[in-house]
Every structure is written in C-alpha cells, then in structure tokens.
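*Asks:* Here's a structure for you.
The values are calculated or read from the model by the stated rules, or taken from the named source; none is laboratory data. What you are looking at is a predicted structure, and each value in this text was computed from that prediction instead of being measured. We place every Cβ from the backbone using ideal geometry, glycine too, and count neighbours over all the protein chains shown.
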C-alpha cells in the first residue's frame, strides 16, 4: 500500500441559511485520487480556490471527507481513533508564518508538538536541537519569533513539525507570503529534508519554479485532479496549464515559444542549463 | 508635474538603541507619466520610501516637492496630497470594511469631501476600470475571491482619482493568472490615462515586462536607477546584495559565454526570443 | 507610536532575575504590588524605590526600554494625579477658578503617581524577564489546586500566553490598517466624540476580521500539531525550584515584612 492513498475523495462545503436549510454546496474536492509513495516529493499545483488547500487539510485530518476514502500510512482517516497518530506522522506547515507560531521563544515553539504528544523532557531537548539544526535555525533558538524574517519563521514552523518526527510533511503554500530570498530558504530546507532524511514531502503551491524538483506533480482545478506527471511532462503542455490559470517558468515558456517559431529544441525544458545545451546543439 | 526628493533621510526610533537609518540621502525625480519599478529585498527601505511620497511618513530631514510645492510647508494640505498620490499597500484587501463593495470604494472620495453623488460616480468609474463585473458591486466585499478583493481595494484608491498610483507588491499571494490580470490592468491605467505608476515588486520578471524605469533600493539608498536593461546589466552587483536579474538575462550571458553571440541585453521573454531567433534564423 | 508598548514583551538577556522560577517571580511581584499599597511615609517610599531599583538593575533590562511601557498608561496616570490633586480636602495651597490644590492633595497625588508608576514598572520587570510561556507555566502550576474546583487552569493559561504572543502582531496590524485608511483620506483625529467614534469603524472592522482569521488559523495549526488540551502533556522546561529561588523567596518575604514594619513604626 502507498503511504497516502486517496480514492474518490470528496469534500463539500455546505452553506446553510438561518433555518438550517441548505443554501449552497461547494464541492471543493471532487473524486480525487492521490497516490504518494514513502519518500516521494510531490507537488500539488492549482490556482487559488482550486481545492488544493482543502486536500492538504484532509491529509492531516483537519477536515474529514464527505465521500470516498483516504488512507495515510495504512490508517483510515475516517476512523477517529487514528486521528492523533496520523497528525503526528503527517506534519503540516501553513501559509501565514505568524499564525502558526504559538510560543514567544523559538525553541519553546518547536517544543510545542512534542509536548502535546507527551515526549519526555530530555528527549524534547534533543529533538528541538536536532530539528532547529536541520533547518539551520539553531542560532536563533532563544530569539523571539516576532523579529525574524518570513523565511526564518517558516523554517521554525518546519522545525516544529520535524520535532514530532513525522514521516511526511504537507506544506500548504508555505512561500506565498515570502520574498524571493525567503522562498529560496524554505525550499532548500524542504528539499534537503526530502533528500537526506527521506521524509515524504507534499508541497502545495502556485509558484511554478518550485515544482521543478518534484518527483511528480498533480494539477488541480475545480476540485478535480486534472493533470499529473513529471514536471517535464507537465511543462511541455503550456497551453493546457494556462487554461487552468497557471503558468510555466520563464525559461520553459521561452523554449516553448522558440519551438513554436520553428527551432528544433526538445519539449519540456525546465532549466537554463538545459536550454543553453539545446541551443548549443543547434548552433 | 513631478515629485522631487531632495536629500531625504528617515530614521526610525531616533536616538534609541533601536535606531534604524531607513532612508539615506535619497535624491530622486519622478516625472509625470512615468512607469517606475522599485525593487530591493525586505528591509531595503522601499516601503518607507513610498510612504514618504504621499506624506504618510515625515522625513527626518530633507525636502519633498510635489509639482514644485514643498509638502512640508506649514500651509500645504497633506491630506489632499494623499488623494493625488494614491498608495495601495501590501495585501490591500485587509483594509476593506464596508457592507457593500460599492460603499467601500466610495469611502475615499467621500473623505475627500465630495457629495454622495459625486463619490458614487467616482466609485462607479473606479470599479469599471479594475474590471469587476457589475453584478458584484452591491455584495459584501468579504464574499469575493482573493484576487477580486484586491481589485476592489485598488479601486478604492483609484476612486480618489490620483495623479500618481503607488502599488506595494500588488500581486503578493495571487496565482499566476490573478497576477497577470492585476498587472495588465495597471499597465492599462498607465497607457490610457497616462497615470504615473510606481510599482514595488519582488519579481524581476514582472518589473522587466512592465516598467520603463527601475529603481533599486539597498540598505536605505538608491543603488541603481535606469531602464530595466541598464539596471539588469549590473546583475553581478544585484546578486551581491541578494537580488537577481530575470532568468532570460542570465540565459543571454550563458549563451554568449558559449560562443553564441546573441545581440543586446534581453530582460523580457519577447526580447530574448527575438535575439535568439535573429541568430538562429539566418 | 503604538509599537512602543512594552508591557508583555520579553526582553531576552541572561540575568539572575531571568533565571528565577516564574512562580517565584509571580509571588515576588505580588508581594511587591501589595507593598506599594502598604507603604507610607518617606521611609516606606525609600524602601519600595530601593526594591525596584535593585530588581531593575539585576534584571539587566535597559531602563529606557522599560520606561517606554509607561507611555501606554500616561492618560490614566495623569487623570489619577489630577483627581487626587484637586479633590482632596485639606489645607489650601493654591486656588484658581473653582479648583483648589491642597497640601494633602499634592502629597496624595505624588504618592499615587509613584504607586502607579512603580506598579507598572514592577510588573513589567516580571513580563520582561519571563517568557509568556514560562509565565503561564508558572501560573498553571501555582494555580494547579484550582483544577479540582473544575476551573480550566491549563486552558486559561494557554489563552493568556497566546494573547501575549499576538499583542505585538495585532499592534503592528493596527498601525498598518490605520495607514492604509489614512491613504484613503480617512481622518482619525478631527471632529467631536461621535464623529471620532464613527471614524474608528474603518479601523476596527478590518482589525476584528483579521483577529478572527488569525485565531482560526492558529487553532488549526495547534490542532495539526496534536494539541488536545493539558491532558498527557509533557514540558520542555518543567518548573523546578533552585537555590536562587529559595533565596528570592526569603528576600521578598523579608522585604515585605520590612515595608510593613516601617509602616507600623512610623
């Protein structure tokens, strides 16, 4: 069985008027199938309101399905007994760095998760130190989070999740509120965790540059998974992506335009180096 | 019409341990009808700079002149200045408060002292110009999507009919289409109404595509000032301060290093495409 | 302006006071506040001043930083002083229009100002040297016995610690929204009271919406990190008394006894 397995997952937001009659139903997830293997780096792309955040919240059982099934690490999310085990094993990082830091000192915030699951005190200290080191924030352990940059705050949030020693981290648009440097910091930290510690990563984003290194990408629109595959296979379908309100990285777009203009370069160019090589071959 | 900054300094928490020299000796001249981009990483002083332009912040020293008039003059009406130099803050949708979109957009002109009718006429025009369909106008602003909310907030500033429009990262947090829609709308305001636009952005690709003049801020000073082509030619200096040039600019350099002599310094996709095709279509 | 409020903000340096157990500091602060209402006369004044100066010096928090916290309560301070100054009966010192300043009034006003100022300074030593988490830990533990009375001690202390963490964020947010509305021509200053109250709507509505959104986000983030109340929770920094705490307890008890004694003797 895969680490995460969703079958025909449905989530409906039901709005009721004052008399409790159903006013409208918004289907945020519509028959979603998702398969994630242990250790994979998965990206979920979609415009705002496509349902990708709703999907993320299901993986951590912050929401439960209106229909279909979702298994995380062999546990059925519909079974309330599995709740804490799943949340511990599948950590979550949210978009707004300020709204997920609970404590007023960095190290105490990182300790919040382990404290909740009853980790003994000496072990908490070890985990806090280790987690802060792996996101490069150990220097700031005694600082107040208020004075840190957005990228630093998000790395603290990641450390807070790591301290629960999860097998998987779900990041729900972790870079949307950051500047380019902050974005780079966070992505590097995430990629490193995936490569070096084998932590399964599910990155939800609408920045196309961030999915280049993913193993597989899912594209969502209107609550449905509309495309999936390697970044390369996806980025060769520029027009389809545009129809889902998305974009491709500038280099990919340039390669696509050059191809359209008649230059014989391969489809789905992802990086500058690849385009340089392709053009040199032609020269 | 112009804005002139003459040796402007701004110091936060002056004479305390937390003193920060946020603006250092800024001299700038912003001409009527320019489309200017301001880049710089967080803390470079760009947000402080734009809040000086509409008089929200008062320089510690130096002078600012709007159309030749000293805005720090005692009898200068700085409240009026805020109507002439419209400032759209980051995440402007967080300032919405009225029960309907239309009422929210009328807030600015009403504050300027226009009658209800005049204010509504201005709100009407402003909502039109950001392209929000009329069927939404009398709904609560809180029912809209993020991108739509932002357009309403921009309309709220446009309704004051400013001569200069400053936008602080208007695309932050929007998806690619939402980003393009906002920036295209802004470009249209510039083209059709010759409005002076100052766009603060983190995206080198965006500024390269839209602006005519680019100001780079670093540690409270103006580090570079010129056309995007001129500025991005200094890509090594930009990198040294944690900034970068657009990807295509790097591509041009890489190609030249490999002996493919593409002409010019491309900063946008179109320029790069043309330059490459010139070489390869021979 | 708004950013200058320092009450409730931790000042990270290492000092004897910082290292004390929060329960000790809570108790000492309580005794100190009590002593402010007990003391009388110049000797008592000298004693409470000495106590405060000693603690401030030991805390290694810059005095200027601490004093900025007073700005937030300047209005209350001035009002109290004025009330005392003009409304205390006694021997008239000066009189103009319908107002009368008495010698007793002057004295009362002076002592009241000292009391309030010292109260704020004394309690800000507590919050400046104790992280909100430690503080709430301390309260949780000190108030532990109330748990048996079905008072949700853990929940209350968690709420307080979160409130403290978000105060600076919300202050900054208020600043931002205020500026954004000013840029739209809003006027928060002129007009009569009703007009002023009305002009706060464009500030308060967005602020409340933002506070609710943050609360919602935070609740979700806490749940995601397995928060489920105080049950079965462990601590990274469990509270344990050290030798310094015993000394501090003795010192503050001695100080309090001293102030009481001074009052009785004089």
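*Asks:* Mind listing just one residue for me: the one in the stretch C:174-185 that is buried (at least 16 other Cβ atoms within 10 Å of the Cβ) and either touching a helix residue (DSSP H, G or I) at 6+ places or on another chain (Cβ under 6 Å) or more than 9 Å from chain B (Cβ to nearest Cβ) (or both) and, of those, farthest from residue B:154 (Cα to Cα)?
*Replies:* C:174
*Asks:* Which of the residues spanning the stretch C:59-108 are at positive phi and touching a residue at least 24 places away in the same chain (Cβ under 8 Å)?
*Replies:* C:60
*Asks:* Take the residues of the stretch A:30-51 that are within 14 Å of another protein chain (Cβ to nearest Cβ) and touching a residue at least 12 places away in the same chain (Cβ under 8 Å): which is surrounded by the most Cβ atoms within 10 Å (Cβ to Cβ)?
*Replies:* A:45
*Asks:* Please note which helices (runs of 4 or more DSSP H) are completely contained in the stretch B:195-282 and include at least 1 residues that are more than 13 Å from every other protein chain (Cβ to nearest Cβ) and farther than 16 Å from residue B:35 by Cβ.
*Replies:* So the answer is B:228-232, B:235-240.
*Asks:* When you go through C:188, C:208, C:212, C:166 one by one, which is the residue that is within 13 Å of chain B (Cβ to nearest Cβ) and within 30 Å of residue A:88 (Cβ to Cβ)?
*Replies:* C:212
*Asks:* Those residues that are outside any helix (DSSP H, G or I) and within 23 Å of residue C:70 (Cα to Cα), I need them from the stretch C:128-183; list them, please.
*Replies:* C:130, C:131, listed by residue number.
*Asks:* While we're looking at this one, here's another question. Evaluate the stretch B:93-111: report whether one residue or more is more than 25 Å from residue C:207 (Cβ to Cβ) and within 12 Å of another protein chain (Cβ to nearest Cβ).
*Replies:* No.
*Asks:* Give C:46, C:94 a once-over and let me know the one that is loosely packed, with under 12 Cβ neighbours inside 10 Å and over 17 Å from residue C:126 (Cα atoms).
*Replies:* Testing whether each residue is loosely packed, with under 12 Cβ neighbours inside 10 Å and over 17 Å from residue C:126 (Cα atoms) leaves just C:94.
*Asks:* Among the residues in the stretch A:166-179, are any under 26 Å from residue B:255 (Cα atoms) and in contact with a helix residue (DSSP H, G or I) (Cβ under 9 Å, 6 or more places away or on another chain)?
*Replies:* No, that holds for no residue.
*Asks:* Now for a different question. When you go through C:134, C:181 one by one, which is the residue that is free of Cβ contacts under 8 Å to residues at least 40 places away in the same chain and on the phi < 0 side of the Ramachandran plot?
*Replies:* C:181
*Asks:* Of (1) more than 30 Å from residue C:207 (Cα to Cα); (2) away from chain A (no Cβ under 14 Å); (3) under 18 Å from the mean Cα position of the chain (by Cα), residue C:87 satisfies all except one. Which?
*Replies:* Here residue C:87 clears every test but (3).
*Asks:* Given A:54, A:27, which one is away from every other protein chain (no Cβ under 12 Å) and in a helix (DSSP H, G or I)?
*Replies:* Only one candidate qualifies: A:54.
*Asks:* For the stretch B:154-188, which residues satisfy the criterion of being more than 14 Å from chain A (Cβ to nearest Cβ), in a helix (DSSP H, G or I) and touching a helix residue (DSSP H, G or I) at 6+ places or on another chain (Cβ under 7 Å)?
*Replies:* B:154, B:155, B:156, B:157, B:158, B:187
*Asks:* Continuing with this model, one more query. Listed residues A:127, A:87; which is at the interface with chain C (Cβ under 10 Å from one of its Cβ atoms), free of Cβ contacts under 8 Å to residues at least 60 places away in the same chain and within 27 Å of residue C:212 (Cβ to Cβ)?
*Replies:* The unique qualifying residue is A:87.
*Asks:* Let me ask something additional. Pick out the one residue from C:56, C:33, C:17 that is at pLDDT 85 or above and surrounded by fewer than 17 Cβ atoms within 10 Å (Cβ to Cβ).
*Replies:* C:33
*Asks:* Going by the conditions given, is residue B:46 away from chain C (no Cβ under 12 Å) and crowded, with 16+ Cβ neighbours inside 10 Å?
*Replies:* When the stated conditions are applied, residue B:46 passes them.
*Asks:* Give me the residue from the stretch A:146-162 that is surrounded by fewer than 24 Cβ atoms within 10 Å (Cβ to Cβ), within 8 Å of another protein chain (Cβ to nearest Cβ) and assigned to a helix (DSSP H, G or I) and, out of that set, modelled with the highest pLDDT.
*Replies:* Taking the candidates together, the pick is A:150.
*Asks:* Okay, next question. Looking at the stretch C:101-121, can you tell me whether even one residue there is part of a helix (DSSP H, G or I), in contact with a strand residue (DSSP E or B) (Cβ under 6 Å, 6 or more places away or on another chain), over 21 Å from residue C:29 (Cβ atoms) and away from chain A (no Cβ under 14 Å)?
*Replies:* Yes, the stretch C:101-121 contains a residue that is part of a helix (DSSP H, G or I), in contact with a strand residue (DSSP E or B) (Cβ under 6 Å, 6 or more places away or on another chain), over 21 Å from residue C:29 (Cβ atoms) and away from chain A (no Cβ under 14 Å).
*Asks:* What number of residues within the stretch A:47-69 satisfy the criterion of being closer than 30 Å to residue A:248 by Cβ and touching a strand residue (DSSP E or B) at 6+ places or on another chain (Cβ under 8 Å)?
*Replies:* 12
*Asks:* If we keep just the residues of the stretch C:218-245 that are in contact (Cβ under 8 Å) with a residue 60 or more places away in the chain and farther than 23 Å from residue C:147 by Cα, which is nearest to the other protein chains (Cβ to nearest Cβ)?
*Replies:* C:242
*Asks:* Applying the selection to the stretch B:50-90, what residues are in contact with a helix residue (DSSP H, G or I) (Cβ under 7 Å, 6 or more places away or on another chain) and away from every other protein chain (no Cβ under 13 Å)?
*Replies:* Answer for the stretch B:50-90, where residues must be in contact with a helix residue (DSSP H, G or I) (Cβ under 7 Å, 6 or more places away or on another chain) and away from every other protein chain (no Cβ under 13 Å): B:59, B:64, B:66, B:71.
Quick grid of which residues meet (1) in contact with a helix residue (DSSP H, G or I) (Cβ under 6 Å, 6 or more places away or on another chain); (2) over 30 Å from residue C:170 (Cα atoms); (3) modelled with pLDDT of 95 or more:
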{"residue": "A:53", "(1), (2), (3)": "no, no, no"}
{"residue": "A:73", "(1), (2), (3)": "yes, yes, no"}
{"residue": "A:84", "(1), (2), (3)": "no, yes, no"}
{"residue": "A:105", "(1), (2), (3)": "no, no, no"}
